[in-house]
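Input: a single structure, listed below in structure tokens.
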Amino acid sequence: MVWTQVVEARPFAAQRVVCFPHAGGSPYFFRAWARGLDAYEVHAVCYPGRAERFSEDCAEQLVPMAREIAAELLASGDDRPAAFFGHSMGAIVAYEVVRALEEAGSGVGHLFASGARAPHLMAGDPVAAAAWDAESIGRTLVELGGTDPELLENKAFVDLVMPYIGADFRMLAAYEGGPRPPLDCPVTAIVGESDPRVGIGQSAAWRESTRGPSRALIVPGEHFYLAGQPPFGIIEEALRVPRG
């Protein structure tokens with residue numbers, strides 16, 4: 001069981017960028033990021049139930065999953081500075097991993113929270129979590145713009161991906177943000193100006209999640225703005241690492 005994958009090994013890179021996929025996402029979503037972030041070693045998180053971990057049971061609780069990811073990162077022996085980039089559900093997972101790392105006396109250099117409401121706005125609703133069935137998930141996937149509607153007519157595709165997409169949706173809906181001590185690391189919140197699920201104010205509220213510096217950025221596009229325009233420039237500017 002390996003939580004993180006190196007997209008392209010760069011042992012001499014000064015920093016790492018660890019990427020956390022959205023609900024239903026896999027590390028493949030970030031496979032082109034190594035080319036766009038060529039001054040860094042890019043890692044991608046793989047949740048159970050998909051990609052190389054397809055045979056594993058999907059995670060049911062977000063915080064315990066995040067703590068397992070944190071434990072692996074702590075045990076890796078890689079002491080290079082790291083930044084975390086999480087999109088949608090991945091932003092919440094990344095946030096909880098940072099919390100676990102900071103509790104352990106470690107931490108990260110920067111958290112990029114993309115396309116996500118601030119964690120303290122997440123109420124945790126078991127009834128709503130249970131209501132995520134295949135039909136409602138399909139409608140939401142189309143609304144978010146990350147899925148071709150024709151794919152949802154393909155039974156083989158639905159049978160393959162719906163179990164882990166549904167598990168992620170239910171896990172996120174059950175997540176209780178609650179009042180937490182603020183993080184120490186800088187946080188940059190990014191949201192598409194036409195995101196149908198995350199409001200600009202809900203994204204900007206990430207400033208309440210840290211005692212460190214914070215920025216709230218609005219970019220062109222919808223929820224999956226980063227599919228066509230990955231925010232490489234935003235990441236590089238925030239990390240201030242000169243390109244080779």
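Which GluC sites (Glu not before Pro) in the stretch 26-81 pass both tests, a DSSP loop state and at most 13 other beta-carbon atoms within 10 Å?
Working: sites: 41, 52, 56, 60, 68, 72; in loops: 56, 60.
For GluC sites (Glu not before Pro) across the stretch 26-81 that sit outside H, G, I, E and B with at most 13 neighbouring Cβ atoms in 10 Å, the list reads 60.
Could you give P(r) for the stretch 40-181, binned at 10 Å from zero, as whole percent values over all Cα-Cα pairs?
Cα pair-distance distribution for the stretch 40-181, in percent: 10, 38, 35, 14, 2.
In the chain, with Lys and Arg counted as +1 and Asp and Glu as -1 at Cβ, which of these residues, 154, 201, 227, has the Cα nearest the positive end of the dipole, that is, farthest along it?
Highest projection toward the positive end goes to 201.
Compare 195, 78, 184 by solvent-accessible area with a 1.4 Å probe and give them largest first, with all protein chains kept in place.
On the way: 195 20, 78 45, 184 90 Å².
Result, largest first: 184, 78, 195.
So which trypsin sites (Lys or Arg not before Pro) in the stretch 159-244 pass both tests, a DSSP loop state and at most 13 other Cβ atoms within 10 Å of the Cβ? Could the numbers behind the result be given before it?
On the way: sites: 170, 197, 207, 211, 215, 240, 243; in loops: 197, 211, 240, 243.
Within the stretch 159-244, the qualifying trypsin sites (Lys or Arg not before Pro) (loop, at most 13 other Cβ atoms within 10 Å) are 211, 240, 243.
Taking only Cα atoms of the chain, what ratio of Rg to Rh do you get with Rh as the Kirkwood inverse-distance radius?
0.94
In Å², and per residue, what accessible area does the chain have when probed at 1.4 Å with the other protein chains present? It would help to have the intermediate numbers written out before the result.
On the way: 11220 Å² over 244 residues.
With all protein chains present, the chain gives 46 Å² per residue.
What does the helix-only formula give at 222 nm for the chain: each DSSP H stretch with n ≥ 4 adding -39500 (n - 2.57), the total divided by the residues, and the result rounded to the nearest 500 deg cm²/dmol?
-10000 deg cm²/dmol
Averaging sequence separations of C-alpha pairs under 8 Å and six or more residues apart, then dividing by the length of the stretch 91-237, give the relative contact order as a whole percent.
Details: 229 pairs, mean separation 44.7, N = 147.
Once normalised by length, the contact order is 30 percent.
DSSP loop chymotrypsin sites (Phe, Trp or Tyr not before Pro) in the stretch 6-77 with at most 15 other Cβ atoms within 10 Å of their Cβ, which ones?
On the way: sites: 12, 28, 29, 30, 33, 40, 54; in loops: 12, 54.
Filter output for the stretch 6-77: 12, 54.
Once neighbouring chains are kept in place and the probe is 1.4 Å, which whole percent of the accessible area of the stretch 8-101 is contributed by carbon and sulfur?
Details: 1800 of 3500 Å².
Result for the stretch 8-101: 51 percent of the exposed heavy-atom area is carbon or sulfur.
Kirkwood Rh and Cα-based Rg: tell me the resulting Rg over Rh for the stretch 1-106, rounded to two decimals.
Numbers: Rg = 12.9 Å, Rh = 13.8 Å.
Computed over Cα atoms, the ratio is 0.94.
The values are calculated or read from the model by the stated rules, or taken from the named source; none is laboratory data. Source: prediction; values computed, not measured. Neighbour counts run over all protein chains shown; Cβ positions are idealised from the backbone, glycine included. Keep in mind that these areas ignore ligands, DNA and RNA; they rest on the heavy atoms of the full protein, side chains included. Shrake-Rupley method; radii C 1.70, N 1.55, O 1.52, S 1.80 Å.
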